[in-house]
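Input: a single structure, listed below in structure tokens.
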Amino acid sequence: MTIKPILRLSLFGLLFFGACSPEKSPKQEEATESKEAIAKQKLAVGKSIYETNCAGCHDSDVAGAPKPGVKADWKNRMQQGHDIMAKKAIQGIEGKKGVMPPKGGNDVLTDEEVTSAVNYMISLTK
């Protein structure tokens, strides 16, 4: 007779845990899609900022500016991490090969815009 309560408990446990699904809920899926959309939008903004403010130097290796997509140019920089790279782009840097003025010489750019451009360039290099 002591087996029946154990069987009931086991059956209940199987039913209860069987109802738990590792699948994402609709809200979780919406949140993931929303995060992906925001990330794409930020890259698009970064691309626009890059094309209008940064490409002149970075596409032509002016003052040692690393070319997006050229892994050798970015290897040591990438090891510093995104935050440090963005900070240096915002504040300016005197490197071994050249100089980058703060915000690439465009003081009108916000820190967020410069960070978006840096993240865009990094995305091309991965």
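Our estimate of slack between E33 and E94, defined as 0.36 nm per intervening residue step minus the Cα-Cα distance, is 18.0 nm. Counted residue by residue at 0.36 nm each, then reduced by the alpha carbon distance between them, the extension gain from Q41 to E112 reaches 24.2 nm. Among the trypsin sites (Lys or Arg not before Pro) found in the stretch 74-124, those both in a DSSP coil and sparsely packed, with 13 or fewer other Cβ atoms within 10 Å of their Cβ, are K96, K97.
Rounded, prolate or oblate: pick one for the stretch 46-126, where a ≥ b ≥ c are the square roots of the eigenvalues of its C-alpha gyration tensor, a/c under 1.5 means rounded, and failing that, prolate if a/b is larger than b/c, else oblate. In terms of gyration-tensor shape, rounded.
Values quoted throughout were computed directly from the atomic coordinates according to the rules given, and no laboratory measurement underlies them. What you see is a predicted model; the values in this text were computed from it and never measured. Cβ coordinates were reconstructed from backbone atoms using ideal geometry, including for glycine residues, and neighbour counts include every protein chain displayed.
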